[in-house]
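The values are calculated or read from the model by the stated rules, or taken from the named source; none is laboratory data. Everything numeric in this text was worked out from a predicted model, so none of it was measured. For neighbour counting, all protein chains shown are included, and Cβ atoms are generated from backbone atoms with ideal geometry for every residue, glycine included.
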Amino acid sequence: MGDLWRKEKSNRPKKSNFWVKWGHVLFVEKERIILKSIYIHTERPEDTFQVGAVIGQTLPAGSVVCLYGDLGAGKTKLTQGIGSGLGVKEPINSPTFTLINLYQGRLPLYHLDLYRLVEPEELEELGWEDYIYGEGIAVIEWPEKLHGQLPASYLKIRLDQMETATEEQRQLIIEGIGRAGSELMHLILANLAVLKNIKISTR
(Lines give C-alpha, C1' and ligand atoms only; values in the text may rest on other atoms or scores of the structure.)
Protein backbone atom coordinates (compact mmCIF):
# COMPACT_ATOMS: atom_id res chain seq x y z
CA MET A 1 0.00 0.00 0.00
CA GLY A 2 2.95 2.30 0.58
CA ASP A 3 3.58 2.59 -3.17
CA LEU A 4 -0.08 3.47 -3.69
CA TRP A 5 0.07 6.25 -1.11
CA ARG A 6 3.19 7.69 -2.77
CA LYS A 7 1.73 7.44 -6.27
CA GLU A 8 -1.45 9.30 -5.31
CA LYS A 9 0.47 11.93 -3.38
CA SER A 10 2.86 12.54 -6.27
CA ASN A 11 -0.07 13.63 -8.44
CA ARG A 12 -1.40 16.19 -5.96
CA PRO A 13 -1.57 19.86 -6.97
CA LYS A 14 1.14 21.97 -5.39
CA LYS A 15 -1.32 24.67 -4.39
CA SER A 16 -4.94 23.65 -4.24
CA ASN A 17 -7.79 26.16 -4.03
CA PHE A 18 -10.65 23.69 -4.33
CA TRP A 19 -12.84 22.37 -1.55
CA VAL A 20 -12.95 18.63 -0.93
CA LYS A 21 -16.42 17.24 -1.64
CA TRP A 22 -17.48 14.87 1.14
CA GLY A 23 -19.44 11.70 0.49
CA HIS A 24 -19.32 7.98 0.83
CA VAL A 25 -16.58 6.23 -1.09
CA LEU A 26 -17.55 3.10 -3.00
CA PHE A 27 -14.75 0.56 -3.18
CA VAL A 28 -15.49 -2.00 -5.90
CA GLU A 29 -13.60 -5.25 -6.25
CA LYS A 30 -14.53 -7.99 -8.71
CA GLU A 31 -17.73 -6.11 -9.63
CA ARG A 32 -19.18 -5.96 -6.15
CA ILE A 33 -19.42 -3.19 -3.60
CA ILE A 34 -17.28 -4.02 -0.59
CA LEU A 35 -17.61 -1.19 1.90
CA LYS A 36 -18.66 2.45 2.19
CA SER A 37 -18.13 3.27 5.85
CA ILE A 38 -17.60 1.78 9.30
CA TYR A 39 -19.87 2.76 12.21
CA ILE A 40 -18.56 2.27 15.74
CA HIS A 41 -20.45 2.90 18.99
CA THR A 42 -18.29 3.45 22.07
CA GLU A 43 -19.62 3.53 25.62
CA ARG A 44 -16.60 5.10 27.35
CA PRO A 45 -13.52 7.20 26.46
CA GLU A 46 -11.47 4.04 27.05
CA ASP A 47 -13.35 2.38 24.17
CA THR A 48 -12.50 5.28 21.86
CA PHE A 49 -8.87 4.91 22.95
CA GLN A 50 -8.93 1.19 22.07
CA VAL A 51 -10.35 1.92 18.62
CA GLY A 52 -7.56 4.42 18.10
CA ALA A 53 -4.96 1.85 19.18
CA VAL A 54 -6.19 -0.60 16.52
CA ILE A 55 -6.04 2.15 13.91
CA GLY A 56 -2.51 3.07 14.99
CA GLN A 57 -1.36 -0.53 14.69
CA THR A 58 -2.78 -0.68 11.15
CA LEU A 59 -1.56 2.60 9.64
CA PRO A 60 1.23 2.38 7.04
CA ALA A 61 3.89 5.07 6.57
CA GLY A 62 2.55 8.20 4.91
CA SER A 63 -1.01 7.84 6.23
CA VAL A 64 -3.14 10.90 6.92
CA VAL A 65 -6.04 10.70 9.40
CA CYS A 66 -8.53 13.59 9.52
CA LEU A 67 -10.68 13.89 12.65
CA TYR A 68 -13.99 15.77 12.56
CA GLY A 69 -16.32 16.58 15.44
CA ASP A 70 -17.29 19.23 17.95
CA LEU A 71 -15.25 20.22 20.98
CA GLY A 72 -15.29 17.38 23.48
CA ALA A 73 -16.24 14.75 20.89
CA GLY A 74 -13.19 12.63 21.70
CA LYS A 75 -10.76 13.56 18.92
CA THR A 76 -7.77 13.88 21.24
CA LYS A 77 -8.67 10.63 23.04
CA LEU A 78 -8.73 8.86 19.66
CA THR A 79 -5.37 10.43 18.80
CA GLN A 80 -3.94 9.16 22.08
CA GLY A 81 -5.09 5.68 21.12
CA ILE A 82 -3.51 5.99 17.68
CA GLY A 83 -0.28 7.02 19.36
CA SER A 84 -0.47 4.00 21.65
CA GLY A 85 -0.94 1.72 18.65
CA LEU A 86 2.14 3.30 17.09
CA GLY A 87 4.16 2.63 20.23
CA VAL A 88 4.37 6.25 21.41
CA LYS A 89 5.40 6.30 25.09
CA GLU A 90 5.06 9.97 26.01
CA PRO A 91 1.70 11.61 26.84
CA ILE A 92 -0.23 13.02 23.88
CA ASN A 93 -2.18 16.22 24.43
CA SER A 94 -3.65 18.82 22.11
CA PRO A 95 -1.04 21.44 21.20
CA THR A 96 -1.57 24.59 23.28
CA PHE A 97 0.81 27.18 21.93
CA THR A 98 1.86 25.34 18.77
CA LEU A 99 -0.19 23.85 15.97
CA ILE A 100 1.91 20.71 15.54
CA ASN A 101 3.38 18.23 18.02
CA LEU A 102 5.78 15.45 17.07
CA TYR A 103 5.88 12.06 18.83
CA GLN A 104 8.13 9.11 18.08
CA GLY A 105 6.84 5.54 17.81
CA ARG A 106 7.44 2.84 15.21
CA LEU A 107 6.75 5.74 12.83
CA PRO A 108 6.78 9.48 13.60
CA LEU A 109 3.36 10.79 14.67
CA TYR A 110 2.54 14.35 13.67
CA HIS A 111 -0.42 15.69 15.65
CA LEU A 112 -1.93 18.78 14.07
CA ASP A 113 -4.63 20.59 16.03
CA LEU A 114 -5.86 23.44 13.84
CA TYR A 115 -8.56 24.74 16.19
CA ARG A 116 -6.58 27.91 16.91
CA LEU A 117 -5.50 28.44 13.33
CA VAL A 118 -6.43 31.95 12.24
CA GLU A 119 -4.61 32.42 8.94
CA PRO A 120 -3.42 29.69 6.53
CA GLU A 121 -0.07 31.49 6.40
CA GLU A 122 0.62 30.22 9.93
CA LEU A 123 0.83 26.67 8.58
CA GLU A 124 2.93 27.74 5.61
CA GLU A 125 5.52 29.10 8.01
CA LEU A 126 5.66 25.72 9.75
CA GLY A 127 6.10 23.82 6.49
CA TRP A 128 2.97 21.77 7.16
CA GLU A 129 3.17 19.89 3.85
CA ASP A 130 6.35 18.19 5.07
CA TYR A 131 4.24 16.58 7.81
CA ILE A 132 1.22 15.74 5.66
CA TYR A 133 3.26 14.26 2.83
CA GLY A 134 6.09 12.75 4.87
CA GLU A 135 6.81 9.16 5.80
CA GLY A 136 5.25 9.42 9.24
CA ILE A 137 1.59 9.44 10.36
CA ALA A 138 -0.30 12.74 10.31
CA VAL A 139 -3.38 13.07 12.52
CA ILE A 140 -5.28 16.30 11.91
CA GLU A 141 -7.94 17.77 14.19
CA TRP A 142 -10.16 20.44 12.58
CA PRO A 143 -8.93 19.59 9.03
CA GLU A 144 -11.69 21.73 7.51
CA LYS A 145 -9.41 24.69 8.20
CA LEU A 146 -7.06 23.45 5.48
CA HIS A 147 -9.58 24.66 2.88
CA GLY A 148 -9.40 21.60 0.66
CA GLN A 149 -5.61 21.20 0.68
CA LEU A 150 -5.78 17.56 1.72
CA PRO A 151 -4.08 14.68 -0.12
CA ALA A 152 -5.89 12.49 -2.62
CA SER A 153 -6.14 9.65 -0.09
CA TYR A 154 -6.74 9.81 3.63
CA LEU A 155 -8.80 8.32 6.41
CA LYS A 156 -11.77 10.43 7.47
CA ILE A 157 -13.18 9.86 10.96
CA ARG A 158 -16.13 11.75 12.41
CA LEU A 159 -16.87 11.59 16.14
CA ASP A 160 -20.27 12.60 17.53
CA GLN A 161 -22.06 12.27 20.83
CA MET A 162 -24.93 9.87 20.27
CA GLU A 163 -28.47 11.20 20.61
CA THR A 164 -30.47 10.03 23.66
CA ALA A 165 -27.30 8.55 25.07
CA THR A 166 -25.11 9.00 28.11
CA GLU A 167 -22.59 11.81 28.08
CA GLU A 168 -19.71 9.43 27.32
CA GLN A 169 -21.26 7.48 24.44
CA ARG A 170 -19.93 8.29 20.99
CA GLN A 171 -20.47 7.29 17.38
CA LEU A 172 -17.42 7.07 15.14
CA ILE A 173 -17.84 6.97 11.37
CA ILE A 174 -14.78 5.91 9.40
CA GLU A 175 -14.56 6.53 5.66
CA GLY A 176 -11.68 5.92 3.27
CA ILE A 177 -11.13 8.81 0.88
CA GLY A 178 -9.33 7.84 -2.31
CA ARG A 179 -8.24 4.38 -3.34
CA ALA A 180 -5.54 3.96 -0.68
CA GLY A 181 -7.90 5.31 1.98
CA SER A 182 -10.53 2.74 1.00
CA GLU A 183 -8.07 -0.13 1.15
CA LEU A 184 -6.83 1.04 4.54
CA MET A 185 -10.42 1.11 5.81
CA HIS A 186 -10.74 -2.58 4.94
CA LEU A 187 -7.60 -3.43 6.91
CA ILE A 188 -8.85 -1.49 9.91
CA LEU A 189 -12.22 -3.25 9.81
CA ALA A 190 -10.49 -6.64 9.86
CA ASN A 191 -8.31 -5.64 12.81
CA LEU A 192 -11.23 -4.18 14.79
CA ALA A 193 -12.46 -7.75 15.25
CA VAL A 194 -10.25 -7.99 18.36
CA LEU A 195 -12.53 -5.48 20.14
CA LYS A 196 -15.25 -7.86 21.32
CA ASN A 197 -17.25 -5.42 23.48
CA ILE A 198 -17.59 -2.57 21.01
CA LYS A 199 -20.49 -2.32 18.54
CA ILE A 200 -19.27 -2.18 14.94
CA SER A 201 -21.35 -2.13 11.76
CA THR A 202 -20.80 -1.33 8.09
CA ARG A 203 -22.85 0.31 5.38
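Scanning segment 65-90 for residues that are among the β-branched types (Val, Ile, Thr), in a helix (DSSP H, G or I) and over 10 Å from the mean Cα position of the chain (by Cα) yields one hit, 76.
Residues of segment 65-75 include at least one that is surrounded by fewer than 20 Cβ atoms within 10 Å (Cβ to Cβ) and modelled with pLDDT of 95 or more. Identify, please: which residue in segment 31-53 is touching a strand residue (DSSP E or B) at 6+ places or on another chain (Cβ under 6 Å) and in a strand (DSSP E or B) and is, among those, farthest from residue 100 (Cα to Cα)? Looking at residues that are touching a strand residue (DSSP E or B) at 6+ places or on another chain (Cβ under 6 Å) and in a strand (DSSP E or B), I get 34. Just to verify a result, which residue in segment 103-122, among those that are aliphatic (A, V, I, L, M) and touching a residue at least 24 places away in the same chain (Cβ under 8 Å), is surrounded by the fewest Cβ atoms within 10 Å (Cβ to Cβ)? The extreme case among them is 117. Only one entry in 62, 56 is assigned to a helix (DSSP H, G or I) and either buried (at least 20 other Cβ atoms within 10 Å of the Cβ) or of a type in the set (D, E, K, R) (or both), namely 56.
Scanning segment 53-90 for residues that are in contact with a Gly (Cβ under 8 Å, 6 or more places away or on another chain), of a type in the set (S, T, N, Q) and more than 13 Å from residue 137 (Cβ to Cβ) gives a single hit, 80. Against the condition among the aliphatic types (A, V, I, L, M), out of contact with any Leu (no Cβ under 6 Å at 6 or more places or on another chain), without any contact (Cβ under 8 Å) to a residue 40 or more places away in the chain and surrounded by fewer than 23 Cβ atoms within 10 Å (Cβ to Cβ), how does residue 150 come out, does it pass? Spelling it out, it is not the case that residue 150 is among the aliphatic types (A, V, I, L, M), out of contact with any Leu (no Cβ under 6 Å at 6 or more places or on another chain), without any contact (Cβ under 8 Å) to a residue 40 or more places away in the chain and surrounded by fewer than 23 Cβ atoms within 10 Å (Cβ to Cβ).
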